[in-house]
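Contents: one structure, followed by commentary.
Quick note: the coordinates plus some simple rules give every number you see, no bench work behind them. No experiment lies behind these values; they were computed from the predicted model shown. Glycine also receives a Cβ, built like all others from the backbone with ideal geometry; neighbour counts cover every protein chain displayed.
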Amino acid sequence: MSDFYLHCCNTHLYCFMKEQTYMPEVKVMTVATTLNSYLNNKACRYDMVEHPYSTTTAEAGTSSSIPLKKVAKAVVLHDQNRYLVAAIPAMNMLVLPEVERLIGCHAELATEPELKRLFGDCDVGAIPAVGQAYGLKVIWDDALKDEDDIYLEAGDHRHLLHLKKSQFMRLMKNNPHGEISCAPEELYDMSHLRMM
């Protein structure tokens, strides 16, 4: 009876065949609500790149055929008083002593429960590198200013947000920056430093 439905009109009962229609799959490009509001308030233009499900920012960039030097990943840190986001190229590792030198205090990685609390509308592992949208201080790597296009997590595991360099630099204006990351192959030269 699933292909039929009943209709009652006055005192007569009619039986009709359900119309078989094709419903195309609807693909929705998503961006975290908080991030979207922030970017709209800043009149920041962006577009979205859809990619296969990924669990890391580097994986998202790779599956989208985007050079990882153009993909900004967020490393969320905390000191005794606050949280901050370090925005670095997705292929790099954070050089924590450099971050600590720039912020003037000791910092550690935020825990997964802290990430869930701070970024409530984002999936863990898909945190946007624009932490100021969430009221967090941001420190960013100088290597990102060399790219004409910057991609960052949009808050889920299937989309990257694309910004032109001018838009990204406008968002990063007045935020501290420096050489706070390095390529993994450079780690052996810095083995005395703490990396993340």
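Residues D142, D123 in ascending order of nearby Cβ atoms (within 10 Å, fewest first): D142, D123.
Could you tell me which of the pairs K42/K137; K42/K116; K116/K164; K70/K173; K42/K165; K42/K69 are separated by over 21 angstrom between their Cα atoms in the structure shown?
K42/K116; K116/K164; K42/K69
By other beta-carbon atoms within 10 Å, ranking I103, I139 with the fewest at the front produces I103, I139. Each of D156, D79 was scored by other Cβ atoms within 10 Å of its Cβ. Arranged with the fewest first, they read D79, D156.
Between H106 and E179, the contour length at 0.36 nm per residue exceeds the Cα-Cα span by 24.6 nm. Only Cα pairs under 8 Å and 6+ residues apart enter the sum, and on that basis the relative contact order of the stretch 46-190 stands at 31 percent. The trypsin sites (Lys or Arg not before Pro) of the stretch 51-116 meeting both criteria, a DSSP state outside H, G, I, E and B (loop) and at most 15 other C-beta atoms within 10 angstrom of the site's C-beta, are R82.
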